[in-house]
Structure formats: C-alpha cells, structure tokens
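The block underneath contains the structure these notes are about, expressed in structure tokens.
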Amino acid sequence: MTATTGTRRWWALGALAIALLTFGLDVTILNVALPTLATDLRASTGQLQWFANAYTLVLAAGLLPAGMLGDRFGQKKLLLGALALFGVASIACAYAGSAELLIVARAVLGVGAAFMIPLSMSLLTMMFAGADRARAIAVWAAAMAIGIPLGPVVGGWLLDNFWWGSVFLINVPLVLLGLALLAWLLPGTKGAPGQRIDVTGVLLSIAGLGTLTFGLVEAGERGWGSAPALLPMITGVVVLGAFVVWLRRARQPIVDLALFRSPGFTWGSVLATLASFALMGAMFVLPQYFQAVFGTGALGTGLRLLPVVGGLLVGVQIADRLRPRLGAKIVVTAGFVLMIGGLALGALTDVSDGYGFTAVWLSVLGVGLGFALPPAMDVAMGALSQGSSGVGSGLLQAMRQIGGTFGVAILGTVLGSGYRAQVNVTGLPGPAADAVRDTPAAGVQVARAVRSPELLNSVRESFVHGMSATLWVSAAFGVLGVLLTIAFLPRQAQDVEESQSEHEHVAG
C-alpha cells in the first residue's frame, strides 16, 4: 500500500481521531474516580496505585511487539482488533466487582492501547506523504491531547450523575463508532506474511521496558534510593542492554538498528520525547496546583487545563503554515523556545496570582507544543519505509512513554523536595505533621481540620515553591531540546527532501 490521494483518507483520519480520543480520556479519567473506588471496592493504597500502574506497564511493554506484529500481519485488522479489545476491557473495568478484577481489566486495557497507538501512526505513514503526513500527525497528536483535560471534566460530570463504572463505559460508544468508521474507511493492509517473528527480541523488549517503567514509577512514589525503585531500574537497563546485543546478532531482529543511522528518525524521536517530557511536567503539577491553591474539584481542574489544548491547536495551525518556508529545524526550535518561555513564566507564579496568569503561560506552552511535537514526530516517521513503519512507530512511542514516565519520576522528586523543605509543621503532632509533609492535598485537609490559616498559607506557598522548581527543571530540558534541534535535526523529513530532489532533477 502506498500513500493515497483524495478525501477518503481524511475521513479515515477523522475516524482515527475519534478512536484515539478514548486513549486520552483514559489517561486522566481514572484519577477522578480513585476516591470512589477506594470506598466502593475497599481498595488499599497499593491497589489504587496498581489501577494506574497495570495499564502503564502493559502499555510500555507492548508498544514494540505491537508495531512489529502490525508490519507482519497488517495494521488495519490488528488495529480493529485492538480497538474492540479496548472496548471489551472498558466494560470489564466498569463491572469489576473487586479491586483485583479491576487491576486485571486495566492491564487488558493497556494491551489494547499498546496496539492502537503505534498501528494508528503507522497507518498515517501509509495514507499520507510529505506535507499531508505532517498535517495528519498534527491531528493525530491533537486527538490524544484533547482527551487529557477532558478526562477530569467528563469524569467529574459522570461521577456526579452516575456510578463509578460510567467513567469506563464512556469509552464504549466511541469504540463502536470508531470500529464502524475505520472498517469502512481505512484501506486494506497486507503486511509481510513471510517475515519471521523475533520471539527472543519480543520477550527481551517486554521484560526490559516493563521492568524499567515499573522502577521509574516506584522512584516517583518511593524515592530514587529505595530498593523497590533501584532494583527494577537496574534490572530493566541490564535487560535492555541484552536486548541491544541481541539486535546486533539476530538475522531478523524486531528492531533494525539501522533505523538509528537516520538523523531524522533518531533526533525526531529524541526531540518528540523531550517535548512530551515538558507536557508531562505541566500535567503532573497543574492538577495539584489547582486543587491545593484554588481549591478546585476534578471538573474545575479539567476546565482549567483547556488552554494547553487550545494553544496546541493554534500552534499546530501556525506551524503548518510556516514549515514549508522555514523547515522543520526552525519551527521545532521555535517550539522549544516558546515552551521554555511558558514554563519560565509558570515558574514565576506567586501564591497570590489568579488563574488569568496561569491561563496565559499555559497557552504559550501549548503553542510551543504545537510547534515542536508534531513536526518532530513527522521527521522521525518520514525516515521509515512502509515495511518498518509499524515497529518504527512502536519504537518512537516506547521512547515517548519511557521519557514521560521518567519525567514524572524526576519532577515528582523535585516537587516533593521543594515542598517538604519549605512547609512549616511547627506545633503539629507527629501523625499530622507527617501527613502535611506527605502531600499538599493532605496538608490542605489538615490545615482546614485544625482551622489554621497560617498552616494553610504555608502549604500553599510551599507547594508553589516546589512547583516553580519543577517548572525550571522542565525548562532546562527545553533548553536541551533547542540545542539538539539546532545541532542535529534535519531541515525537512527525509521523504520530503527526496521528493524535492526528484522534482528538481526532473525540472533540470
């Protein structure tokens, strides 16, 4: 199958966007339901963590094998199967009668998501080429991003009107609509039936990515020096090292290391990961900021995150018009500069600042993401042949997933350290003081329980101090993105450069 023309492919892209909206929603909608799940399912703190971790670990471990299987058996039918599995798992989540069943259902949900993400991106490279693919990837990225702030909004409304299972059932109509449209609109894909499946590579990649992700999640929750974090991280790095050694020796490896000889794929993937790091940083601190400082609930938090998406949509449109003239290198550089500006503004936040100031720097951050993220991914995907588009997409998304998890772990440590170093718990009994130091949300509850305006003010000021440090760290990664873009990112995607070269040769 080659890149096609006509309007049908754009309708297919719209159907993909509907299907991918379920992924973005599921990232954040669970957080809204956790307090209710703790009560109704009698879930422990550890089980509440595993409601999220089961999904995250399976997603990270499954991206590479999913991309490889798409190349082997054809992307369309596997994508439809993954979307159906996502819908069935959503129903299983909604009607889970115990915490253990919900954890299992969330893991199955992660399997569906692990196939949906790389296979949908792989299909974009088949249906679109050149500038059209850049626009399609921008729509693809926006579809997933929109679901993130909508999750708390939709989840908060559902919990106010229905039982907790409704936050999972909301996926079902989107899945059914997506299945019907995609079965009709997507072109067929044959795959490569003769391609050998690298079983050893699959197992090593699953073990390495899953274990490393688990360690990073534990580092964010328990600290980098804790044994439950260090041991999985070290094990994951060792297994991934063995995975690389295997890739060098295997005849038909799951990942062809020659991919990394392409500057477009290598640096496009690295820069997309750095841009995702900035997004994850903001999404990690902002809900806590709104709840601790403004006292907002889930619905209010989701609404206050919308400027990021609005900025992203505006940035995508402007970048699409500028890129043909300026090239990806300049546009992505400008995107990182805008992100640095937005993060730096956010780092200057004072506890007395209103939401208007926050909306401004969130919008700037969103515009920067629109400039940087889709073009970087497009440059990476432009370096892939159609035969390797699935595994290449899986590799790109695995890097972004690990980078995002790594970012949350780092930024969580910075935020927690900055908060605990400033908060004043003088005069509080031991258990109350420990609760205040544990999280800002607990600090606010204790301050209200003991009716102490001084403690409440200390919690809020200390959290803003920690948030500022967190955003400065994110901005530093943005500076790294600027330097790497200027030094290494090609001006255009490889296939665009080749088509331009051919055009000039014919004209000559």
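Backbone geometry of region 413-420 corresponds, through the Karplus equation with coefficients 6.51, -1.76 and 1.60 at θ = phi - 60°, to 3J(HN,Hα) couplings of 5, 4, 4, x, 5, x, 5, 5 Hz, x marking Gly and Pro. Candidates 176, 201, 187 compared by Cα position along the dipole of region 109-222: farthest toward the positive end lies 187, with charges placed on Cβ.
Take every Cα pair under 8 Å whose residues are at least 6 apart in sequence, average their separation, divide by the length of region 1-155, and the relative contact order is 45 percent. The percentage of C-alpha pairs in region 1-150 whose separation is greater than 29 Å is 22%. The three principal axes of the C-alpha atoms in the chain carry coordinate ranges of 80, 49, 45 Å, sorted with the longest axis first. Considering all C-alpha pairs of region 256-496, those separated by over 23 Å amount to 52%.
For residue 238 and residue 39, the difference between the fully extended length at 0.36 nm per residue and the C-alpha to C-alpha distance is 67.7 nm.
Other residues whose C-beta falls under 14 angstrom from the C-beta of residue 116 contribute a net charge of +1, scoring Lys and Arg +1 and Asp and Glu -1.
In degrees between 0 and 90, to the nearest 10, how far off the longest principal axis of the chain does helix 199-222 point, with axes built from Cα atoms? In the chain, helix 199-222 runs at an angle near 20 degrees to the longest axis. Put a dot 7 Å past the Cα of residue 160, heading toward its Cβ, do the same for residue 199, and the two dots end up 5.4 nm apart.
Principal-axis analysis of the Cα atoms of the chain puts helix 355-382 at an angle of about 30° to the longest axis.
Each Lys and Arg contributes +1 and each Asp and Glu -1, all at the Cβ; summed about the Cα centre of region 7-189, the dipole is approximately 540 debye. The charge dipole of region 256-496, taken about its Cα centre with unit charges on the Cβ of Lys, Arg, Asp and Glu (plus for the first two, minus for the last two), comes to roughly 240 debye. Secondary-structure-derived ellipticity at 222 nm for the chain, considering helices only, amounts to -28500 deg cm²/dmol, per-run term -39500 (n - 2.57) for DSSP H runs with n ≥ 4. Taken about its Cα centre, the chain carries a charge dipole of roughly 680 debye when the Cβ of each Lys and Arg holds +1 and the Cβ of each Asp and Glu holds -1. A DSSP coil position with no more than 15 other Cβ atoms inside 10 Å describes the following trypsin sites (Lys or Arg not before Pro) in region 205-287: 251. For region 67-161, what does the alpha-carbon gyration tensor say about shape, rounded, prolate or oblate, given a ≥ b ≥ c as the root eigenvalues, a/c under 1.5 as rounded, and a/b over b/c as prolate? Oblate is the answer for region 67-161, as a/c is 1.5 or above yet b/c matches or exceeds a/b. On full extension, the segment bounded by residue 424 and residue 452 gains 8.9 nm, given 0.36 nm per residue less the C-alpha separation. Relative to the longest principal axis of the Cα atoms of the chain, helix 99-127 runs at roughly 40 degrees. Relative contact order for region 82-223: 28 percent, from Cα pairs under 8 Å spaced at least 6 residues apart, divided by residue count. Between the listed residues 303, 408, 265, the Cα displaced farthest toward the positive end of the dipole of region 256-496, a dipole computed from Cβ unit charges relative to the Cα centre, is found at 265. Taking 8 Å as the Cα distance limit and 6 or more residues as the minimum spacing, I'd like the relative contact order of region 152-311 as a percentage. Worked out over region 152-311, it gives 26 percent. Positive-end ranking of 425, 284, 103 along the dipole of the chain, with charges on Cβ about the Cα centre, is headed by 103. The trypsin sites (Lys or Arg not before Pro) found in region 447-487 that occupy coil by DSSP, while having at most 15 further C-beta atoms within 10 Å, are 451. The residues 57, 101, when put in order of fewest to most other Cβ atoms within 10 Å, stand as 101, 57. Let me know the whole percent of all Cα-Cα pairs from region 199-253 that are separated by more than 15 Å. Of the Cα pairs, 46 percent sit more than 15 Å apart.
No value in this document is a laboratory result; all are computed from the given coordinates. Note that the structure is a prediction, hence the values are computed from the model and not measured. Positions of Cβ are backbone-derived with ideal geometry, glycine not excepted, and every protein chain shown enters the neighbour counts.
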